[in-house]
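The values are calculated or read from the model by the stated rules, or taken from the named source; none is laboratory data. Small disclaimer: the values here were computed from a predicted structure and weren't measured. Don't worry about glycine lacking a Cβ; one is built from the backbone with ideal geometry, like all the others, and counts go over all protein chains shown.
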Amino acid sequence: MSTPSPAPAHPPIPEAVHRRRWAILAVLMLSLLIVVLDNSILNVAMKTIATPAPTGLGATQGELEWAVNSYTLVFAGLLFTSGLLGDRYGRRKVLMSGLALFGVASVLAGMSGSPGELIAFRALMGFGGAFVMPATLAILMNVFDRDEQPRAIGIWAAGVGLAIAIGPITGGVLLEHFWWGSVFLVNVPIVVVALVAMALLVPESKDPAPGRPDPLGVLLSVVGLVLLVYGIIKGGQLADFTDPEVLLTVGGGLAVLVLFVLHERRSDHPALEIGYFRAPAFSAAVVAVALVFFALMGVTFFMVFYTQSVRGYTPFQTGLLLLPLAAAQLVFAPRARLVVQRFGARATCTGGMLAVAVAMAAFLLLDTDTPIWVLEVLLVLQGTGMAHIMPPVTVTVMQSLPRRKAGSGSAINNVFRQVGGALGVAVLGSVLSTAYRGRIEDELAAVPGLTESARHTAGESIEATLALADRLGPAGGALAERAAAAFVHAMHVTALGSAAVALLGALVVVLFLPGRRAAPAGAEERHGAFEGAGEDSPRDSLEAER
């Protein structure tokens, strides 16, 4: 049997693509912007959607939660599958299809006539969004040289932070002038511009040798992720992770994911190479992503209530207060590569994790009347820490895999981010709720004429307690003050939990992430895996060993 001749190691990126790589990144950022922004912009519209028609939809608290969670559930469940489809059939095709579906679903969500319709169309938006985010990072990896990838990924990460921060501002402006559906319809012109620009600028890329499909592996990954995320969300809603429904769904999800891993290990054409996780740097990077978003989303969850319910700021003002978090990421994330070059990924990410931990622990300084500039300083510190974590760990994940598997790598990165964020909201949200109820129960018990059921409802959140205080009239003033104090106490407990998780992330990074590497003797030749590359696709060291 003849030995096949080795393929060229680094087929060049077409020069026309290389010249327009920064324009391509701008288009990818536009696509990423609306998917990330949509999550944060909806939070501002919640109270309006809860009001009766014609102002809103009269949605209950449970329906509002599922308007958010239906998106998250579908989005997280399909991330890995969308990455595989992009590698196999073309990342630009998958990205444009997902973006078009996201735009159509946005129109339908904005025109919803009932909470049930809104929940269904939000799920459809999650379906489209799942095919957008992994493809943006995968295309980025295929249009930039290896030495430029850290800078491009830094800009990509900064864009995510910016979208999270400007969502509440955009939502506040829209709700001041239009009806609640405008927070969805604003996506449509952005989608149209992005689709036209993509058709003109973005090249097609895919795995030139994808092998046989693995439908069983794909099915197991979807079922496992959906069950796991559903259980996490349900546990957060019930504030009880020992509930049978929560235990069954989380346990079932984990069991299915174990079956997925066993199947992938035995398959001769796996959808996911489990061997990648044997590399300590790869595993540490994805765990760090999950832990930092666990801590971040938990803090973001209570920060909105602190600024609005305790301090009395409007949604628009809250969005402005969050700008320092985005500004710090926007300034420092693209420059994180310079710190990595000087000190190494391990030292850079450890410093970032410690900065996040210090910022979260320092939330103990916040009280009901603390000068607001203290919060702004803490958000700058938190954003600076995030800016020195996300780009290096994302670069580590993406450069650990062969370029032809860029879609799968991006999906893995986003799955861990999404699951970590969902866990953060659910677990730390439950901590917040439990700590708050423990402090406010005695105050509610002292309210005359309050039934046990009404007392339980009023203790669910600070918003519920303040609603009761409003109904009590002048007599409710003291209750409102005690509710604010109880919430600040609960926020302190939750912030300490977030700081502990960030410290755990720092420990993982110190132990397993690579340190400073010697600079290469020469710049790496531009290479990629463009459509039609055939056997000229790159091979990394892992594939060479196989």
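Are there any pairs with C-beta distances below 7 angstrom linking a residue in the stretch 337-360 that is assigned by TED's automatic domain parsing to the domain that holds Val395 and among the hydroxyl-bearing types (Ser, Thr, Tyr) to a residue that is surrounded by fewer than 22 Cβ atoms within 10 Å (Cβ to Cβ) and part of a helix (DSSP H, G or I), with the two at least 6 apart or on different chains, and if so which? From residues that are assigned by TED's automatic domain parsing to the domain that holds Val395 and among the hydroxyl-bearing types (Ser, Thr, Tyr), the pairs are Thr348/Val339; Thr350/Val510.
Go through the residues of the stretch 514-535 one by one and say whether even a single one is modelled with pLDDT of 50 or more and closer than 30 Å to Phe305 by Cα. Scanning the stretch 514-535, I find no residue that is modelled with pLDDT of 50 or more and closer than 30 Å to Phe305 by Cα, so the answer is no. Within the stretch 333-354, the set of residues being surrounded by 22 or more Cβ atoms within 10 Å (Cβ to Cβ) and farther than 9 Å from Pro392 by Cβ comprises Ala333, Thr350, Met353. For the stretch 178-185, the count of residues that are over 28 Å from Glu65 (Cβ atoms), part of a loop (DSSP other than H, G, I, E, B), under 24 Å from the mean Cα position of the chain (by Cα) and in contact (Cβ under 8 Å) with a residue 40 or more places away in the chain is zero. Any residue at all in the stretch 279-291 that is more than 16 Å from Val419 (Cβ to Cβ) and surrounded by fewer than 16 Cβ atoms within 10 Å (Cβ to Cβ)? Taking every residue of the stretch 279-291 in turn, at least one turns out to be more than 16 Å from Val419 (Cβ to Cβ) and surrounded by fewer than 16 Cβ atoms within 10 Å (Cβ to Cβ). Determine whether Leu364 is under 21 Å from Ser498 (Cβ atoms), in contact with a His (Cβ under 6 Å, 6 or more places away or on another chain) and either without any contact (Cβ under 8 Å) to a residue 24 or more places away in the chain or not assigned by TED's automatic domain parsing to the domain that holds Asn69 (or both). Yes: the conditions hold for Leu364. Checked against (1) crowded, with 21+ Cβ neighbours inside 10 Å; (2) over 17 Å from the mean Cα position of the chain (by Cα), Lys93 passes all but a single condition, namely (1). Listed by first and then second residue, the pairs linking a residue in the stretch 301-321 that is assigned by TED's automatic domain parsing to the domain that holds Leu375 and surrounded by fewer than 20 Cβ atoms within 10 Å (Cβ to Cβ) to a residue that is among the acidic types (Asp, Glu) and not in a helix (DSSP H, G or I), with Cβ atoms under 9 Å apart and 6 or more places separating them unless they lie on different chains, are Arg311/Asp369. Filtering the stretch 110-128 down to residues that are hydrophobic (A, V, I, L, M, F, W, C) and surrounded by 14 or more Cβ atoms within 10 Å (Cβ to Cβ), which residue is nearest to Pro189 (Cα to Cα)? Within the stretch 110-128, the match that is nearest to Pro189 (Cα to Cα) is Met125. Of the residues examined, Leu432 is one that is within 22 Å of Tyr306 (Cβ to Cβ), of a type outside the set (Lys, Arg) and modelled with pLDDT of 75 or more.
Looking at the stretch 200-234, which of the residues that are modelled with pLDDT under 75 and over 18 Å from Leu272 (Cβ atoms) is surrounded by the most Cβ atoms within 10 Å (Cβ to Cβ)? Don't jump to the end; show me each part of the working.
The first filter runs over the stretch 200-234 and keeps only residues modelled with pLDDT under 75, leaving 206-214, 233.
Imposing the further condition that a residue be over 18 Å from Leu272 (Cβ atoms) reduces the set to 208, 233.
Values: Pro208: 18, Ile233: 24.
Per the criteria, the residue is Ile233.
Within the stretch 326-345, being small (Gly, Ala, Ser), under 29 Å from Leu375 (Cβ atoms) and touching a Ser or Thr at 6+ places or on another chain (Cβ under 8 Å) holds for Ala328, Ala336.
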